[in-house]
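The block underneath contains the structure these notes are about, expressed in structure tokens.
The values are calculated or read from the model by the stated rules, or taken from the named source; none is laboratory data. For clarity, every value in this text was computed on a predicted model and none was experimentally measured. Reconstructed Cβ throughout: ideal geometry from the backbone, glycine too, with neighbour counts over all protein chains shown. We work out accessible area using only protein heavy atoms, side chains counted, and drop any ligands, DNA or RNA first. Shrake-Rupley method; radii C 1.70, N 1.55, O 1.52, S 1.80 Å.
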Amino acid sequence: MSQQLATFVLDGAHYGVDVLHVQEALRFQARTPVPLAPPGIAGLVNLRGQVVLTVDLRVRLGLPPLAADAEPMMVVVQVDGEPVSLLVDEIGDVIDVDDSQFETPPDTLPAALRDVILGAYKLERGLLLALDVDRATSA
């Protein structure tokens with residue numbers, strides 16, 4: 001069985017989320033900080049009149065911060081029927097993957113990543129880590 005994943009890059013690694021969870025991909029949007037928010041909550045964005053929570057995946061996954069002069073991109077996903085924006089380094093393509101390419105998460109992944117990675121797809125150009133959107137966006 002195959003499925004389509006929307007892909008993106010974080011800290012040089014390729015990630016994918018089920019395309020059925022993705023609402024849209026956007027360039028950087030101005031964010032309003034949320035006082036006393038837990039680490040990883042990057043603020044709120046106004047998306048055509050709808051207030052959307054933004055999660056910084058670099059913080060959530062224990063990765064180093066993006067360079068100060070770089071602007072992240074946003075992947076807006078649906079979580080429990082609500083849009084949530086994920087900050088990523090680059091937006092990739094939508095690709096088809098097959099279950100035969102899927103493996104459990106590599107043992108070499110740090111603990112913070114293992115908690116939110118469903119597994120890895122072996123592609124010709126390298127590994128694609130399948131992100132569990134629900135876990136990645138939970139506090």
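Treating only the Cβ of Lys, Arg, Asp and Glu as charged (+1, +1, -1, -1), what charge dipole size does region 1-83 show about its Cα centre? Round to the nearest 20 debye.
I would put it at about 120 debye.
For the chain, what's the relative contact order in percent, using C-alpha pairs closer than 8 Å and at least 6 residues apart?
This gives 28 percent for the chain.
Which length gain, in nm to one decimal place, applies between residue 68 and residue 94 when the Cα-Cα distance is subtracted from 0.36 nm times their residue separation?
Working: separation 26, 0.36 × 26 = 9.36 nm, distance 2.80 nm.
Full extension from residue 68 to residue 94 adds 6.6 nm.
Please report, in whole Å, how far the alpha carbons of the chain spread along each principal axis, starting with the longest.
Principal-axis extents of the chain (Cα, largest first): 43, 28, 28 Å.
Determine the dipole magnitude for region 54-124: charges of +1 sit on the beta-carbon of Lys and Arg, -1 on that of Asp and Glu, nothing else is charged, the reference point is the Cα centre, and the result goes in debye to the nearest 20.
It comes to approximately 320 debye.
Debye sum, Cα scatterers, region 77-139, no solvent: what log₁₀ I/I(0) at q = 0.13, 0.27 1/Å?
So the normalised log intensities are -0.41, -1.29.
Based on DSSP H runs of at least 4 residues, each adding -39500 (n - 2.57), what is the mean residue ellipticity at 222 nm of the chain after dividing by all its residues, to the nearest 500 deg cm²/dmol? Can you show the working numbers first?
Values: 3 runs with 13 residues, N = 139.
Taken over the chain, the calculation gives -1500 deg cm²/dmol.
Using packing as a proxy for protection, rank 80-91, 35-46, 16-27 so that the peptide with the highest average count of other Cβ atoms within 10 Å comes first.
80-91, 16-27, 35-46
Quick one: length gained pulling residue 115 to residue 3 fully straight, 0.36 nm per residue minus the C-alpha distance? Provide the component values of the computation, followed by the final result.
Values: separation 112, 0.36 × 112 = 40.32 nm, distance 2.19 nm.
That pair, residue 115 and residue 3, stretches by 38.1 nm at full extension.
Could you give the size of the charge dipole of the chain about its Cα centre, using +1 on the Cβ of each K and R and -1 on the Cβ of each D and E, expressed in debye and rounded to the nearest 20?
Working: 9 positive and 20 negative charges, 92 e Å.
The dipole magnitude comes to about 440 debye.
Can you tell me the accessible area per residue over region 30-139, all protein chains present, probe 1.4 angstrom, in square angstrom?
Each residue of region 30-139 exposes 57 Å² on average to a 1.4 Å probe.
Can you list the HN-Hα couplings for region 78-87, worked out from phi with the Karplus curve (6.51, -1.76, 1.60; θ = phi - 60°), rounded to whole Hz and with x for Gly and Pro?
9, 10, 6, x, 10, x, 9, 9, 10, 7
Considering only protein heavy atoms and a probe of 1.4 Å, how much of the accessible area of the chain is carbon and sulfur, as a whole percent?
52 percent
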